[in-house]
């Protein structure tokens with residue numbers, strides 16, 4: 001367990017350290033959100049219709065940014081070989097990486113999401129739900145995304161490849177997350193969407209580490 | 001049965017056992033397509049859709065095949081990953097572009113069918129959307145496979161992805177259905193489901209079988225091509241080592 005925690009802290013340090021990956025993702029997120037009114041027009045009614053959905057898509061895209069380096073930096077400097085030889089199974093390593101990706105990447109983004117939704121004309125009453133959905137969905141984005149990062153190890157142009165591999169798997173998350181927010185805005189029952197979002201995210205936490213570990217073993221063999 | 005299966009899993013035996021199969025299946029497919037197309041054009045017009053109902057005979061089997069080939073891809077990937085069968089890996093690799101092709105055909109013919117029936121080329125209908133996502137799954141598989149240089153590693157990484165996709169496909173389908181009921185599609189003329197009469201069902205089934213036979217012909221032919229390619233690569237390596 002202490003090994004797991006050490007690994008988790010190391011991943012957090014690497015994510016927050018030089019380059020400030022999390023802040024970069026937030027900057028990207030702000031840029032995408034700022035482009036929306038420029039493309040759709042500043043009319044508040046039109047913005048309010050698309051705003052929450054667009055904020056959610058921008059969240060999905062922003063989580064892709066920091067994925068490329070997640071496994072690759074350890075793959076390049078040989079750290080991954082050491083981790084594979086170490087006492088902690090690779091599945092637990094994948095779990096630690098996914099959790100760190102969530103805390104360092106998705107948590108700041110989840111804080112930014114209500115702000116973006118508000119700027120794009122979302123209702124203030126929906127903000128707590130937006131935050132909760134972004135936090136919960138971020139768990140799924142992080143774990144599915146880090147599995148994609150592990151699969152793309154040793155590939156050329158890994159970054160674009162991760163996006164192509166992972167985005168179809170993001171479909172349910174986008175549907176349930178945006179659906180819950182939209183149902184809330186329409187005054188309908190929003191709990192099923194949030195519950196499904198949580199279910200998919202938790203299933204991703206439970207299952208994707210195995211796929212990621214298989215991918216890492218394959219890349220190292 | 002298991003003995004037969006694992007005997008055939010040897011590429012050498014597979015090659016000699018199925019040497020003539022692509023040609024035989026190809027001829028069978030051509031004959032069935034001839035019958036199927038003839039039946040499709042002689043089938044009576046639908047009372048609601050008129051002549052456009054004939055698009056169904058091309059469209060629906062393509063959609064069936066798109067799904068069926070993905071499950072074949074998943075099963076082959078499982079065997080390639082767990083038992084490390086070279087043949088299963090070749091089978092998975094050969095199946096992916098074929099499945100993507102059938103899925104693409106289903107999307108295009110669906111769009112052509114939607115124009116006269118719904119008055120639009122594309123409708124974000126639950127089925128269309130799930131088929132589109134299925135197509136994206138195929139693209140992801142092929143992209144991953146193509147961008148890793150080491151053939152063996154590419155095969156195994158892609159196999160993991162194919163299995164993840166197999167688990168995800170029902171979830172995506174469910175989520176898209178859920179999303180569609182949330183949005184209540186507007187007053188688009190829905191495809192009424194008149195209980196299909198035999199004179200429409202027969203051509204559909206014949207076309208379905210023809211598509212399937214065509215797939216197996218193409219699939220086995222491209223597995224052969226894949227095995228020959230690997231042999232050729234091995235010979236080149238050998239020659240280079242000897243020189």
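The values are calculated or read from the model by the stated rules, or taken from the named source; none is laboratory data. Note that the structure is predicted; figures quoted are calculated from it, not measured. Cβ: placed from backbone, ideal geometry, glycine included. Neighbour counts: every protein chain shown.
Find all pairs meeting these conditions: Cβ atoms under 8 angstrom apart; at least six residues apart or on different chains; first residue within region B:70-86 and surrounded by fewer than 16 Cβ atoms within 10 Å (Cβ to Cβ); second residue assigned to a helix (DSSP H, G or I).
So the pair list comes out as B:71/B:166.
Among (1) within 12 Å of chain B (Cβ to nearest Cβ); (2) surrounded by fewer than 24 Cβ atoms within 10 Å (Cβ to Cβ), which single condition is residue A:191 missing?
Answer for residue A:191: the failing condition is (1).
Of all residues being free of Cβ contacts under 8 Å to residues at least 60 places away in the same chain and crowded, with 17+ Cβ neighbours inside 10 Å in region B:110-127, which is nearest to residue B:95 (Cα to Cα)? Just the residue, please.
The residue in question is B:110.
Every residue in region A:141-188 that is at positive phi, free of Cβ contacts under 8 Å to residues at least 12 places away in the same chain and either touching a strand residue (DSSP E or B) at 6+ places or on another chain (Cβ under 7 Å) or more than 8 Å from chain B (Cβ to nearest Cβ) (or both), please. If you could, list the steps in order and put the result at the bottom.
Taking region A:141-188 and keeping what is at positive phi, we get A:154, A:157, A:187.
After this cut, where a residue has to be free of Cβ contacts under 8 Å to residues at least 12 places away in the same chain as well, the list is A:157, A:187.
Within region A:141-188, A:187 is the sole residue that qualifies.
Taking the condition of being crowded, with 17+ Cβ neighbours inside 10 Å and within 22 Å of residue B:180 (Cβ to Cβ), how many residues in region B:139-169 meet it?
Residues meeting the conditions: 3.
Please count how many residues of region B:119-154 are more than 9 Å from chain A (Cβ to nearest Cβ) and part of a loop (DSSP other than H, G, I, E, B).
So the count comes out to 7.
Answer yes or no as to whether residue A:202 is under 18 Å from residue A:62 (Cβ atoms) and outside any loop (DSSP other than H, G, I, E, B). Walk me through it before giving the result.
Working: under 18 Å from residue A:62 (Cβ atoms): no; outside any loop (DSSP other than H, G, I, E, B): yes.
No: the conditions fail for residue A:202.
Would a scan of region B:41-51 turn up a residue that is free of Cβ contacts under 8 Å to residues at least 12 places away in the same chain and within 25 Å of residue B:160 (Cβ to Cβ)?
No, region B:41-51 contains no residue that is free of Cβ contacts under 8 Å to residues at least 12 places away in the same chain and within 25 Å of residue B:160 (Cβ to Cβ).
Limited to region B:155-170, what total is found for residues that are within 15 Å of residue A:221 (Cα to Cα) and either at pLDDT below 90 or more than 8 Å from chain A (Cβ to nearest Cβ) (or both)?
Residues in region B:155-170 being within 15 Å of residue A:221 (Cα to Cα) and either at pLDDT below 90 or more than 8 Å from chain A (Cβ to nearest Cβ) (or both): 1 in total.
Of the residues in region A:137-170, how many are closer than 23 Å to residue A:92 by Cα and not in a helix (DSSP H, G or I)?
Adding up the residues that qualify gives 3.
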